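S.K.: The following block contains the structure, expressed as structure tokens.
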Amino acid sequence: MDKLAFLDATAQAELVRRKEVTPAEMVEAAIRRIERLNPEINAVITPLFERARDAAEVASIDAPFAGVPFLLKDIVAEYAGTPLSEGSAFLAGHYISPNDSELVRRYRKAGLIILGKTNTPEFALLPTTEPRQFGACRNPWDTSKTTGGSSGGSTAAVAAGMVAAAHANDGGGSIRVPSSCCGLVGLKPTRGRNSLGPEIGDAANGLLCDHVVTRSVRDSAAILDATAGPAPGDPYWPALPERPFAAAVERSPGRLRIGLGIEPLTGVPAHPDCIAAAESAARLCEELGHDVVEASPSLDGKRLFKSFGSVWAGFLCWTVKDWARRSGRTPDEAYFEPATWRSYLHGERLTSGDYLMAVQDLQRASRDAAAFYDDYDIWLTPTLAQPPMPLGYFDYTPETRDQHIARLGEYTGFTLIANASGQPGISLPLYWNADKLPIGVQLLGRYGDEATLIKLAGQLEQARPWSDRKPPVSG
């Protein structure tokens, strides 16, 4: 059964449909892998094994992902009757979800069987997964390094072969950042593509979206087919595609105009390994017949980062207040990590006018970014400006505040714009450095056009496959 560990979810589901393996056998094998590997990487923080076993016993084999083991990131996605903590001592042990969120309902309808919940930084605040409440999640490629964040637990679990796919969300790069650090496919969908209902309509003025991390492009596409589309009362949604996303994986993208960007929008130089990854992918695109020139959107990166920080502080403040109302608890500094409490206080100080000015600046950056796609189909960049950093790199103290903020800007200089603009993006594991660490390559496309990203990603995956790469800590 351990041979299942590095099959993708599509292949696992096909085995179930052909009755070569049962959902119960799939679940038991995944549980064994989690029990064996989790002590070393701390990816799964809430096991739900008995509930998964019960679900496997009654699972239909007709759903698209029937019997495939799956994990939920312990934030936003609510699973009825299970605890939700969002990485925080403020919630841990104090909240049980009363119902499924719309996305979880769709996962279950698709046949995915939820085995547990994964590690995340407190309220998804940081691009690393080292919450005080649950301890650091460790990168399966090098356990001294960060998994990235905020979907680090989900990404480490998939990279190590615990499961083939796991839920993730992205508010500033939180699907793409850990995918780069852990060598996975991380597709950030268009704003509104997956519903955040019923508790949330629009999070942080549209910065936040949900999807999955996977090992193959076809899994990311097919799972999006299973979950995409509005729920009643959603504030907005993009037009549904003419064809299923999965159909795009093996279709030719045609000859694309690709802009190569190697300088982060924040202006801080990228690490040579990250530049090498993007340039290598650009050469591959040229070999595949695409037109590639060095070009990037023209926008004020410093204003983008500053306004993003203001909106994110407002979002963090809302998060704490919302959970206080829903849980009946009173916020107190003792319950929160220092960086979280600082952001919460920053959000408290923002006036409504300050917040809306920051929103206006993000919308201005979005228009500038959109203009780039008048001339180009794709913007190709490193996903991150640095390779996976050592654990502790993003630690915060009042004395290191300025350094902490600078490091956040240095790290995520390529990812933030897609959250501001709502456009789709994908990180692909196309490069490993001399230290045998994965370095992701990011593709950003037009708003609502995941299909072109998926076509190009599928073409790149076929030309430079990564499925045989397995980390030292793996199933």
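The values are calculated or read from the model by the stated rules, or taken from the named source; none is laboratory data. Fair warning: this is a prediction, and the values are worked out from it, not measured in the lab. Positions of Cβ are generated from backbone atoms using ideal geometry, with glycine treated the same way; all protein chains shown enter the neighbour counts.
S.K.: Could you check residue 185 against (1) of a type in the set (A, V, I, L, M, F, W, C); (2) buried (at least 18 other Cβ atoms within 10 Å of the Cβ); (3) in contact (Cβ under 8 Å) with a residue 40 or more places away in the chain; (4) out of contact with any strand residue (DSSP E or B) (no Cβ under 8 Å at 6 or more places or on another chain) and say which number it fails?
M.R.: (4)
S.K.: Give the number of residues within the stretch 211-241 that are in a helix (DSSP H, G or I), more than 16 Å from residue 383 (Cβ to Cβ) and either touching a Cys at 6+ places or on another chain (Cβ under 7 Å) or not aliphatic (A, V, I, L, M) (or both).
M.R.: So the count comes out to 4.
S.K.: Scanning the stretch 350-384 for residues that are β-branched (Val, Ile, Thr) and either more than 25 Å from the chain's Cα centre (by Cα) or under 20 Å from residue 410 (Cα atoms) (or both), which turns out surrounded by the most Cβ atoms within 10 Å (Cβ to Cβ)?
M.R.: 381
S.K.: Among the candidates 320, 311, 292, which residue alone is out of contact with any Gly (no Cβ under 9 Å at 6 or more places or on another chain), surrounded by 20 or more Cβ atoms within 10 Å (Cβ to Cβ) and of a type in the set (A, V, I, L, M)? Walk me through it before giving the result.
M.R.: Working: 320 fails: out of contact with any Gly (no Cβ under 9 Å at 6 or more places or on another chain); 292 fails: out of contact with any Gly (no Cβ under 9 Å at 6 or more places or on another chain).
Every option except 311 fails the conditions.
S.K.: Does the stretch 255-266 include one or more residues that are more than 23 Å from the chain's Cα centre (by Cα), modelled with pLDDT of 95 or more, surrounded by fewer than 18 Cβ atoms within 10 Å (Cβ to Cβ) and assigned to a loop (DSSP other than H, G, I, E, B)?
M.R.: yes
S.K.: Quickly run through the stretch 194-225 and pick out the residues that are among the charged types (D, E, K, R) and within 18 Å of residue 75 (Cα to Cα).
M.R.: 199, 202, 210 - these are the residues of the stretch 194-225 that are among the charged types (D, E, K, R) and within 18 Å of residue 75 (Cα to Cα).
S.K.: Can you name every residue in the stretch 199-223 that is surrounded by fewer than 24 Cβ atoms within 10 Å (Cβ to Cβ) and either among the aliphatic types (A, V, I, L, M) or under 24 Å from residue 359 (Cβ atoms) (or both)?
M.R.: 199, 200, 201, 202, 203, 204, 205, 206, 207, 208, listed by residue number.
S.K.: Turning to a different aspect of this structure: Hey, among the residues in the stretch 456-475 that are closer than 14 Å to residue 185 by Cα and among the hydrophobic types (A, V, I, L, M, F, W, C), which one's surrounded by the fewest Cβ atoms within 10 Å (Cβ to Cβ)?
M.R.: Within the stretch 456-475, the match that is surrounded by the fewest Cβ atoms within 10 Å (Cβ to Cβ) is 466.
S.K.: Go over the candidates 61, 45 one by one and state the one that is within 30 Å of residue 410 (Cβ to Cβ) and touching a Gly at 6+ places or on another chain (Cβ under 9 Å).
M.R.: Result of the check over 61, 45: 45.
S.K.: Then there is this: Filter the stretch 82-118 down to the residues that are assigned to a loop (DSSP other than H, G, I, E, B) and within 17 Å of residue 167 (Cβ to Cβ) and list them by number.
M.R.: 82, 84, 85, 86, 87, 97, 99, 100, 101, 110, 111, 112
S.K.: Just to verify a result, which residue in the stretch 242-266, among those that are β-branched (Val, Ile, Thr) and out of contact with any strand residue (DSSP E or B) (no Cβ under 6 Å at 6 or more places or on another chain), is farthest from residue 379 (Cα to Cα)? Let's see the steps before the verdict.
M.R.: Residues of the stretch 242-266 that are β-branched (Val, Ile, Thr), as a first pass: 249, 258, 262, 266.
Checking the rest, the ones that are also out of contact with any strand residue (DSSP E or B) (no Cβ under 6 Å at 6 or more places or on another chain) come to 249, 262, 266.
Details: 249: 19, 262: 10, 266: 16 Å.
Per the criteria, the residue is 249.
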